[in-house]
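Here the structure is laid out as C-alpha cells; the discussion comes afterwards.
Derivation of every value follows stated rules applied to the coordinates shown; laboratory data play no part. Computed from a predicted model, the values in this text were never measured in an experiment. Positions of Cβ are generated from backbone atoms using ideal geometry, with glycine treated the same way; all protein chains shown enter the neighbour counts.
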Amino acid sequence: MSHQYIAIYIAGDIIMSDNPGEAIKRWRLIFGLTQTAIAAKLNTSPSVISDYESGRRKFPGSRFVKKFVQALIDTDLERGGLVLNLLERQLLREKFWLAVLDMREFTEPVPVSTFLQAIEAETLVRPPPGLDIHGYTVVDSIKLVLEVPPVEYVRLYGSTTQRAAIFTKVSTGRSPMVAIKSMSSVLSVKPAIVVLHGIKPEAVDPLAVEIAKRSYIPLAVTNLSLEKLIENLRQLR
C-alpha cells in the first residue's frame, strides 16, 4: 500500500466529515503533532491551525488539506514511519471489500470503445477520443452506501485512476456521482469512466449527468445481467 493511498484516505476522511475541523485535529493527534509543529510545516501560525480545528475559521479548502496531509506523512517518515505502518495494517481490513463484486487490472490498456461495446453500454456523457481503460471495479452500491465509510471509496481506483467504476443496484446514479465529485474536488483523482448498471438512461438523475459533464467524467449505463457483465469484462485483456 502506497503512501499516496494513505494520503487520499486521510484527505477523504477530512472532506467527508461533518466537522472537518475536528477531523483535522484528530489526524494531527494521531500523528503526534502539536499545533505549533504542524504550523511550522505549513508555514503558518499555530493560531490558524487552532482556528480551523475549533471552527472559528470555515473549512480551509482542498489546497490546505493536501498540504496538511502531506505534512503529516513527511513528518512521520522523518520519524521512521511508525504511524504510517500502523495505518497500513488497519486499512488492509477495510470494509470496502464487502461491496466489491469484481475488480481487475487489464494486462494491456483497452480502448474505451471496445470496453463499452463489451458491456453493451449506452453513453450519457461521451468519453474523449483515444481514452484507454486500464482496469475496472464493480461494486454493489447498496452495500457501499450502507456498510462502507465514504473515505474508503478511493479504493474504487485500485492501482490506477485510469479505470472504470461500475456501480450496480443504483436507482438514479446520483449518490455515486456526488461521492466521486466530493473526492475529486479535494484529491484531484477520478475514474476514467463511470458505468451505472441496471438502470435505463431516462431514469438517471439529471444532477448525476451534470456532475459528470462538469467533472469531465464519461458516464454510461448498461442493462446486461450482472453475470453477463462480469463474464464479458473478464474476457477483456
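Mind pulling the angle between the C-alpha long axis of helix 62-78 and the longest principal axis of the chain? Nearest 10 degrees, somewhere in 0 to 90. The helix 62-78 is inclined about 70 degrees to the chain. The amide H of ASN223, built 1.01 Å from its N in the peptide plane, has GLY198 as neighbours under 5 Å, considering only residues 5 or more places off or on other chains. Only beta bridges with both residues in the chain are counted; by DSSP, about 45 percent of them are antiparallel.
A straight Cα-to-Cα reach below 13 Å connects LYS228 with the aspartates and glutamates ASP102, GLU120, residues fewer than 8 places away in its own chain not being considered. Residue by residue, region 228-236 carries 3J(HN,Hα) couplings of 5, 4, 5, 4, 5, 5, 6, 7, 6 Hz when phi is fed to the Karplus relation 6.51 cos²θ - 1.76 cosθ + 1.60 (θ = phi - 60°); x denotes Gly or Pro. Farthest toward the positive end of the dipole of the chain, out of LEU33, ASN85, ILE180, is the Cα of LEU33, where the dipole comes from beta carbon charges about the Cα centre. With all projection directions averaged, the alpha carbon convex hull of the chain covers 13.3 nm². Spin-label model, ALA203 to ASP102: label points 7 Å out along the Cα-to-beta-carbon direction sit 2.0 nm apart.
Compared with the dominant principal axis of the Cα atoms in the chain, helix 20-30 is inclined by about 70°. With 25 Å as the limit on Cα-Cα distance, the pairs of LYS169/LYS190; LYS25/LYS213; LYS66/LYS143; LYS25/LYS143 that go past it are LYS25/LYS213; LYS66/LYS143; LYS25/LYS143.
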